[in-house]
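Visitor: Below is a structure I'd like to ask you about.
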Amino acid sequence: MKILVAIKQVPARDSLLTAEAGAKWIDESSLEYEINEPDAYALEEALQLREAHGGEVVALCAGPNRASSTIREALAKGADRAIHIEVSDIEGWDTLATAKLLAAAVKTEAPDLILAGLQSDDLGAGQVGVVMAELLDVPHATIIMQVEVVDGALKVKRELEDGWFQNVGMPLPAVLTIQSGIKKLRYGTLMGIKKAKTKEVKALSAGDLGVENLASYEVVGVTLPQRTKRTQIVSTVAELVDKLKNEVNAI
């Protein structure tokens, strides 16, 4: 079976964010980048499904030239090949624009299964996978904890609220968004890193896919939140518990 995994390159979690000159966006010149963690779990799920059922895993990433490092990481971990939709300017893109671009690339591959992380670490909208499924007109399920392929169809386990789960049967092809932490992530081995250099990375542009005029809004400006410290003195345990429960939402 052919499994396509949508991955995204995001700023590293410990990156220090500053606004660029003009305060129209984040200054990206000093940032470090990494694979979006939820997408890493989607990739791991795809690799394990391939090991169990055969086929190939194709990594799909839309981003500028720097995204090639994240693509190579996916190849080093075991993806068979990759597709890089090269876009240099994504200003004004919303989740619909991203989903349109990814869906157009998916149509050129006709995979049996499309996996993506539940959400991105930078924006956290959690919408691209679902919108992509709608554009492709295929079934989808979110917050997936477990995937089984049985008799050419899917059995998936979804995480709900308050410790509840839902088991769903689905036909193929389908789109699944994977919950973080469901499997132990593998690292790229030295041999995998060497092999990644020879694996195919197909470069496409938005024009190649027939997708244009994706911008739908304008960023007027960005402002970083101001850090402040505030100390409160409580006199009783009951008062402390009340504040932790009702103000901080920690318990």
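Visitor: Which cross-chain or sequence-distant (5 or more) residues have an amide H under 5 Å from the amide H of A19, H modelled 1.01 Å from N in plane?
Guide: Those qualifying (amide H under 5 Å, at least 5 residues apart or on another chain) are D27.
Visitor: What net charge is computed for the residues neighbouring I83, neighbours being all others with C-beta under 11 Å from the C-beta of I83, Lys and Arg scored +1, Asp and Glu -1?
Guide: Computed value for this residue: -2.
Visitor: Same structure, new question: Give the separation of the Cα centroids, segment 1-37 to segment 68-114, in Å.
Guide: 15 Å
Visitor: Distance from the Cα centre of segment 145-162 to that of segment 197-226, in angstrom?
Guide: A separation of 31 Å, based on Cα centres.
Visitor: Shifting gears a bit: Of the labelled options [x] 58, 43, 28; [y] 64, 47, 39; [z] 49, 46, 30, which one gives Cα extents along the principal axes in Å as computed for this structure?
Guide: Label [y] holds the value from this structure.
Visitor: Take the cross-link list K77/K155; K184/K229; K2/K24; K100/K157; K8/K243 and give me the ones stretching past 30 Å between alpha-carbons.
Guide: Listed pairs above 30 Å: K184/K229; K2/K24; K8/K243.
Visitor: Would you work out which of A174, A79, I233 lies farthest towards the positive end of the dipole of the chain, given +1 charges on the beta-carbon of Lys and Arg and -1 on that of Asp and Glu, about the Cα centre?
Guide: With unit charges placed on the Cβ atoms, the residue in question is A79.
Visitor: Please list the non-local residues whose amide H lies under 5 Å from the amide H of I178, H modeled 1.01 Å from N, same-chain partners needing a gap of 5 or more.
Guide: A116, G117, L118, I144
Visitor: Around E134, under 15 Å between beta carbons, what's the net of Lys plus Arg minus Asp minus Glu among the other residues?
Guide: Numbers: positive: K100, K107; negative: D94, D137.
That works out to 0.
Visitor: Still on this model: Residue farthest toward the positive end of the dipole of segment 2-246, with Cβ of Lys/Arg at +1 and Asp/Glu at -1: which of G117, I144, G192?
Guide: The Cα lying farthest towards the positive end belongs to G192.
Visitor: Follow-up. Specify the angular offset, from 0 to 90 degrees and rounded to the nearest 10, of the alpha carbon long axis of helix 37-53 from the longest principal axis of the alpha carbons in the chain.
Guide: 30 degrees
Visitor: Where in the chain is the longest stretch that carries no chymotrypsin sites (Phe, Trp or Tyr not before Pro) classed as loop by DSSP and with at most 13 other Cβ atoms within 10 Å?
Guide: The longest uninterrupted stretch comes out as 26-163.
Visitor: Show the residues, 5+ positions off or on another chain, whose built amide H is closer than 5 Å to the amide H of E34.
Guide: V10, A12
Visitor: Give, rounded to the nearest 20 debye, the magnitude of the charge dipole that segment 168-219 has about its Cα centre when Lys and Arg contribute +1 at Cβ and Asp and Glu contribute -1 at Cβ.
Guide: So the dipole magnitude of segment 168-219 works out to roughly 700 debye.
Visitor: When the chain is modelled as a GNM with alpha-carbon springs shorter than 10 Å, which of N36, N65, N213 fluctuates the most?
Guide: Greatest mean-square fluctuation among the candidates belongs to N213.
Visitor: A104: net charge of surrounding residues, Cβ under 15 Å, Lys/Arg +1, Asp/Glu -1, itself excluded? List each step's numbers first, then the result.
Guide: Values: positive: K100, K107, K202; negative: E86, E109, E134, D137, D208, E212.
Here the count lands on -3.
Visitor: Based on Cβ point charges of +1 for Lys and Arg and -1 for Asp and Glu, what charge dipole magnitude is obtained for segment 2-246 about its Cα centre, in debye rounded to the nearest 20?
Guide: Working: 27 positive and 35 negative charges, 150 e Å.
Dipole magnitude for segment 2-246 comes out near 720 debye.
Visitor: Then there's this: Between G207, G55, G126, where does the largest GNM mean-square fluctuation fall for the chain, given springs only between Cα atoms within less than 10 Å?
Guide: Ranking G207, G55, G126 by mean-square fluctuation puts G207 first.
Taken together, the values in this text are just the output of simple stated rules run on the coordinates, not laboratory data. Please read all numbers here as calculations on a predicted model, not as lab measurements. In this analysis, Cβ positions are derived from the backbone assuming ideal geometry, glycine residues included, and neighbour counts consider all displayed protein chains.
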